[in-house]
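What follows is one structure encoded as structure tokens, with my remarks underneath.
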Amino acid sequence: MSVYLDAANPTHRWAYREAITIDCTGGGGTIDASIVVPKDWDLFWLNVKAAGADIRVTDADGFTLLTYDLNWFNSTTRVLTIEIDNYAAPAAAMIVVWLYWGNSSAADASTVFAPAAAKTGYVAVDGPVGTVIRTSDERAGELRPKKQLAKAPADILFVTFDFSDELILRASPMADSKRIE
């Protein structure tokens, strides 16, 4: 997965990015989506431009800009509904698109439209809960993994696997990022 690069302004950089999950479990195809930005998300509200001109919404690839609108945007009262227009959802599933913000030089790129039968999208402002296991290479021939976790039969555990050390990086940066996976 890449990061967003504004082709018209290639020196522009977005300081922040967060995943938006859209519930398309009822069917894929071309959809509209509506996402309410949480009022208690300080990272967003304290770093977005007053009129929201720095907001961008991209496809799952992190690069392809989608058609979106900012409804009821008010940075003072922390009200914003992001709407996405005619997105070609890849499958009937939970899908991910990306929200970028935090570019003081950006001009508004939103488009006004009226969504039809919009799917609901969510921004998760929480982080991992429970145990976080950072993955690593295993030695060939070992019978037991390096990292182990034990639990009693009645226990319910939440486990997050951190694969960041396993992801391939770009050989050279694009938009000041080496992310590719």
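Rule-based calculations on the coordinates, nothing more; no lab input. Quick caveat: nothing in here was measured; it's all calculated off a predicted structure. No Cβ is skipped: glycine too gets one built from the backbone with ideal geometry, and neighbour counts run over all protein chains shown.
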>> Using the Cα centre of the chain as the reference point, and only Cβ charges (+1 on K/R, -1 on D/E), how large is the resulting charge dipole? Debye, rounded to the nearest 20.
In response: 400 debye
>> Using the alpha carbons of the range 16-123, what is the convex hull volume per residue in cubic angstrom, as a whole number?
In response: 89 Å³
>> Restricting to Cα atoms and excluding each atom paired with itself, what does the Kirkwood estimate give for the range 83-181 in Å?
In response: 19.0 Å
> So how strong a dipole does the range 15-105 carry about its Cα centre when Lys and Arg Cβ are +1 and Asp and Glu Cβ are -1, to the nearest 20 debye?
Replying inline: 240 debye
> Relative to the Cα centre, what is the charge dipole magnitude of the range 54-156, using +1 at the beta carbon of each Lys and Arg, -1 at the beta carbon of each Asp and Glu, and rounding to the nearest 20 debye?
Replying inline: 560 debye
>> Need one number for the range 127-181: average projected area of the convex hull over its C-alpha atoms, nm².
In response: 6.0 nm²
> What residue among 104, 34, 164 shows peak mean-square fluctuation when the chain is described by a Gaussian network model with Cα springs under 10 Å?
Replying inline: 164
> Got a sec to turn the phi values of the range 74-89 into Karplus ³J(HN,Hα) couplings, 6.51 cos²θ - 1.76 cosθ + 1.60 with θ = phi - 60°, whole Hz, x for Gly and Pro?
Replying inline: 8, 6, 6, 8, 6, 10, 7, 10, 8, 10, 10, 10, 6, 7, 7, 5
> Based on Cα positions only, what radius of gyration and what Dmax would you give for the chain, in angstroms?
Replying inline: 19.1, 59
> If r is the Cβ-Cβ distance from residue 64 to residue 156 and R0 is 25 Å, what FRET efficiency results, to the nearest 0.05?
Replying inline: 0.05
